[in-house]
Amino acid sequence: MKQPLTGIIPPMVTPLLEDMSLDLTGLNKVVEHLIAGGVSGLFILGSTGESTSLSYAVRRQLIKETCRAAAGRVPVLVGITDTSLVESLSLAEAAHAAEASAVVAAPPYYFNLNQKELFNYYEKLAGSLTLPLFLYNMPGLCKVHIEVGTAVRLSEHPNIIGLKDSSANSVYFQSLCQSLRAKPDFTLLVGPEEAMAESVLMGGHGGVSGGANMFPKLFVKLYEAAAQKDFATVADLQSIVMEISNSLYGVGMYSSSYLKSIKTALSLMNICQSHMAPPLAAFDAAETKHVTPITEQFKLTLEKRGLL
């Protein structure tokens, strides 16, 4: 895997059957859809992949089957976030055995660690891994924020090669870019897709954009425009990304509406089913009926532009 890792690395959904087992047909379709869309990698077992809701058996199967389906065409990054260091290392071993490219870990999300404890945790984790590690800043769900100073110190570890930021804090991300400017090979990726182009213009390397599960070509083209400082194209495509966010992700009154909408849209696109692992559940019939015309409209718009 080249460093820094650049481009769009979607946080891949986990296709499930009604009994919560892995949907292998859907998995193969998702992987092919993303690779055909020009993505630079796949990130499995993140928040969009419902990682914490999946059994460990399904997580290990997902790692194995995704790496098999990707077949070395793009790097596969595997989320190993857990409250237990032992379980994180076990998932990392499964990722290594499946020939994944790297692992990704957010802070343990039960005890509210201070920065010293967080630094020591990541030092121990990174030193025990056979694959390189991406840090994952997700304070909204983990309660713990990887401060800029902590990230800079951890970047000195030879096995820590990048950071994904899902804080939605542009000042924080810009501070990371500034503080790590002497380390051009240290990858900085942003989670919120609405901020992806802006983060690339700041000096970031790309996006872990959930909407790319549905429309990978749109996000790849937007990334390329931002990297080339093609501001007219950025403005044009960014408006579509914001329309997706404001309309599709606004269905229902759930904090998980974004994920429910993505899985529903993928089912409408005949890519995978919309089943979700408890405690989450897919949209009901009325909500799905609301998503259907929105999805169709975006498909038409993007098809006319050659982005579907």
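The values are calculated or read from the model by the stated rules, or taken from the named source; none is laboratory data. No experiment lies behind these values; they were computed from the predicted model shown. Neighbour counts run over all protein chains shown; Cβ positions are idealised from the backbone, glycine included. Keep in mind that these areas ignore ligands, DNA and RNA; they rest on the heavy atoms of the full protein, side chains included. Shrake-Rupley method; radii C 1.70, N 1.55, O 1.52, S 1.80 Å.
Would you please name the residue that is most open to solvent (accessible area, probe 1.4 Å), looking only at residues in the range 240-253 that are of a type in the set (A, V, I, L, M) and over 20 Å from the mean Cα position of the chain (by Cα)? Result: Met253.
For the range 224-234, residues that are open to solvent by 40 Å² or more (accessible area, probe 1.4 Å) and in a helix (DSSP H, G or I) total 4. Hey, does the range 87-101 have a residue that's modelled with pLDDT of 95 or more, open to solvent by less than 30 Å² (accessible area, probe 1.4 Å) and more than 19 Å from Met1 (Cβ to Cβ)? Checked the range 87-101: at least one residue is modelled with pLDDT of 95 or more, open to solvent by less than 30 Å² (accessible area, probe 1.4 Å) and more than 19 Å from Met1 (Cβ to Cβ). Entry remark, the range 257-305: residues being surrounded by 16 or more Cβ atoms within 10 Å (Cβ to Cβ) and assigned to a loop (DSSP other than H, G, I, E, B) number 10 in total. The set of residues in the range 73-86 being under 21 Å from the mean Cα position of the chain (by Cα) and either at pLDDT below 95 or open to solvent by 40 Å² or more (accessible area, probe 1.4 Å) (or both) consists of Arg73, Thr83. Within the range 196-207, is there a residue that is of a type outside the set (Val, Ile, Thr), within 28 Å of Val171 (Cα to Cα), within 17 Å of the chain's Cα centre (by Cα) and part of a loop (DSSP other than H, G, I, E, B)? Among the residues of the range 196-207, at least one is of a type outside the set (Val, Ile, Thr), within 28 Å of Val171 (Cα to Cα), within 17 Å of the chain's Cα centre (by Cα) and part of a loop (DSSP other than H, G, I, E, B), which makes the answer yes.
Hey, Leu237 hits all of (1) crowded, with 21+ Cβ neighbours inside 10 Å; (2) within 15 Å of Val39 (Cβ to Cβ) but one; which does it fall short on? If we test Leu237 against (1) crowded, with 21+ Cβ neighbours inside 10 Å; (2) within 15 Å of Val39 (Cβ to Cβ), just (2) comes out false. With respect to (1) surrounded by 16 or more Cβ atoms within 10 Å (Cβ to Cβ); (2) over 16 Å from the mean Cα position of the chain (by Cα), the lone exception for Tyr56 is condition (1).
Candidates in the range 3-24 are the residues that are surrounded by fewer than 19 Cβ atoms within 10 Å (Cβ to Cβ) and in contact with an Asp or Glu (Cβ under 9 Å, 6 or more places away or on another chain); of these, the one that is modelled with the lowest pLDDT is Gln3.
Just one of the listed residues (Ile44, Ile9) is over 21 Å from Leu222 (Cα atoms) and of a type in the set (Val, Ile, Thr), and it is Ile44.
Residue-wise test of (1) surrounded by 16 or more Cβ atoms within 10 Å (Cβ to Cβ); (2) acidic (Asp, Glu); (3) under 30 Å from Lys229 (Cα atoms).
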site	(1), (2), (3)
Tyr109	yes, no, no
Ile160	yes, no, yes
Pro184	no, no, yes
Ala195	yes, no, yes
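Of all residue pairs spaced 6 or more apart or on separate chains, those with beta-carbon atoms under 8 Å, a first member in the range 129-146 that is closer than 16 Å to Val190 by Cα and a second member that is of a type in the set (D, E, K, R) and open to solvent by less than 10 Å² (accessible area, probe 1.4 Å) are Asn137/Asp165.
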